[in-house]
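Every read-out reported here was derived from the displayed coordinates using simple, explicitly stated rules and does not represent laboratory data. Since we're looking at a predicted model, the values are computed, not measured. Reconstructed Cβ throughout: ideal geometry from the backbone, glycine too, with neighbour counts over all protein chains shown.
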Ligand SMILES: NCCC[C@H](NC(=O)CCC(=O)O)C(=O)O
Ligand SMILES: NC(=O)OP(=O)(O)O
């Protein structure tokens with residue numbers, strides 16, 4: 001693995017989940033591996049978990065870390081080739097990526113979808129710009145299309161809480177006051193499709209995710225029915241894919257409640273809007289796994305960094 005940009009970069013999920021378990025038992029067991037190596041983290045969007053858990057993961061591996069809030073503090077970057085840069089952009093990705101590569105050994109990039117132009121988002125200008133021009137391994141800290149470190153933490157959490165051999169996992173759309181990206185939902189679907197679970201998606205009409213990601217995963221429109229008998233309920237808002245980036249329903253009836261949850265465990269990537277996405281009673285109950293999911297972000301990041309560091313020393 002040269003870079004980690006997608007769930008599809010995980011060669012064997014079963015082996016990785018075993019590796020994650022071992023790392024979690026002995027987080028400081030590989031302090032030598034990152035000694036003298038620097039992780040650079042560039043954030044074009046806000047973060048709490050990704051920023052701190054990825055730093056923590058690097059610290060556990062003995063790495064040094066440099067973090068920059070690029071969105072506000074970096075020069076506005078130009079990604080298109082051949083442009084006359086007489087507008088807002090002060091620096092080209094061709095220089096920026098090569099410059100940063102000299103200071104770091106591994107580079108993490110967070111750059112969300114803009115949700116204005118599907119083709120532009122699908123071209124992943126920021127992540128792909130760094131992939132193309134950086135000379136070091138690149139890690140996706142949530143891009144327009146995916147959030148693989150979150151999905152890996154979700155898989156670890158599910159593995160720790162599964163009772164059944166083939167649990168029923170339901171990804172439910174939930175209301176939100178803003179238009180949100182598809183990245184978390186995409187990567188969750190992709191990783192669950194690779195696990196021994198019975199996965200389905202439930203959402204209001206108009207919120208179908210990218211067909212190329214859904215594949216054969218069943219999609220339902222009746223939330224109460226879909227949640228019946230679920231073992232894990234993963235809530236997430238996303239904007240319309242068809243009417244790209246639009247909010248086509250704000251239906252509060254889709255909020256996850258204790259009653260709808262039944263005996264299922266509740267999952268969400270956080271940050272979560274209380275009493276919009278999910279009611280307080282769920283988050284305060286024993287059924288909520290959200291804090292454990294956030295904890296597992298450290299081990300998912302640590303696993304990825306460990307694999308990349310091992311690749312560097314080969
Ligand atoms: N990294 C986890 C989720 C990040 C982002 N959520 C948000 O922007 C929520 C912000 C708010 O609630 O206003 C998303 O859905 O992709
Ligand atoms: N779940 C997650 O990625 O959280 P942050 O956006 O706070 O990093």
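Here are some notes:
- Cα shape, region 85-244, gyration tensor, a/c 1.5 rule: oblate
- Packing-based order for 19-28, 225-234, using average beta carbon neighbours within 10 Å, highest first: 225-234, 19-28
- Between the Cα long axis of helix 49-60 and the first principal axis of the chain there is an angle of about 60°, rounded to the nearest 10.
- Those residues of region 243-286 whose amide nitrogen sits under 11 Å from the label point placed on residue 219, 7 Å along Cα→Cβ: 243
- Rg ratio (alpha-carbon, reference 2.2 N^0.38 Å) - region 208-312: 1.28
- In region 150-293, the ratio of gyration radius to Kirkwood radius, Rg to Rh, stands at 0.92 when only Cα atoms are counted.
- The fraction of all Cα pairs in region 230-288 landing in successive 10 Å bins from 0 to the largest distance is 22, 51, 23, 5, given as whole percents.
- The simple spin-label model puts a point 7 Å past each Cα toward its Cβ; for residue 249 and residue 120 those points are separated by 2.9 nm.
- Prolate/oblate/rounded call for the chain, Cα gyration tensor, a/c under 1.5 rounded: oblate
- Note on residue 292 and residue 211: the extension gain reaches 26.1 nm, defined as 0.36 nm multiplied by sequence separation minus the Cα-Cα distance.
- Inter-centroid distance (Cα atoms) of region 70-128 relative to region 219-256, Å: 32
- Prolate/oblate/rounded call for region 7-55, Cα gyration tensor, a/c under 1.5 rounded: oblate
- Dividing the summed helix terms, -39500 (n - 2.57) for each DSSP H run of n ≥ 4, by the number of residues in the chain produces a 222 nm estimate of -10500 deg cm²/dmol to the nearest 500.
- Seen against the Cα atoms of the chain and their longest principal axis, helix 183-192 is set at about 70 degrees.
- Cβ crowding within 10 Å averaged over residues, with 90-96, 140-146 ranked highest first: 140-146, 90-96
- From the alpha carbon centroid of region 180-208 to that of region 144-176 is 9 Å.
- Peptide ranges 2-15, 118-131, 209-222, 75-88 listed from the most packed, as the mean C-beta count within 10 angstrom indicates: 118-131, 2-15, 209-222, 75-88
- Region 92-145, relative contact order [Cα under 8 Å, separation at least 6], %: 51
- Dividing the Cα radius of gyration of region 48-115 by its Kirkwood radius returns 1.03 for Rg/Rh.
- A crude spin-label estimate for the pair residue 165 and residue 178, with each label 7 Å from Cα along the Cβ direction, gives 4.4 nm.
- Axis of helix 290-312 versus longest Cα principal axis of the chain: the two differ by about 40°, to the nearest ten degrees.
- Extension gain from residue 313 to residue 67, taking 0.36 nm per residue of separation minus the Cα-Cα distance: 86.2 nm
- Spin-label proximity, residue 281 to region 227-259 - amide N less than 16 Å from point 7 Å beyond Cα toward beta carbon: 253-259
- The distance between label points at residue 86 and residue 228 comes to 6.7 nm (points 7 Å beyond Cα on the Cα→Cβ vector).
- Across region 1-155, Cα-Cα pairs more than 19 Å apart make up 57 percent of the total.
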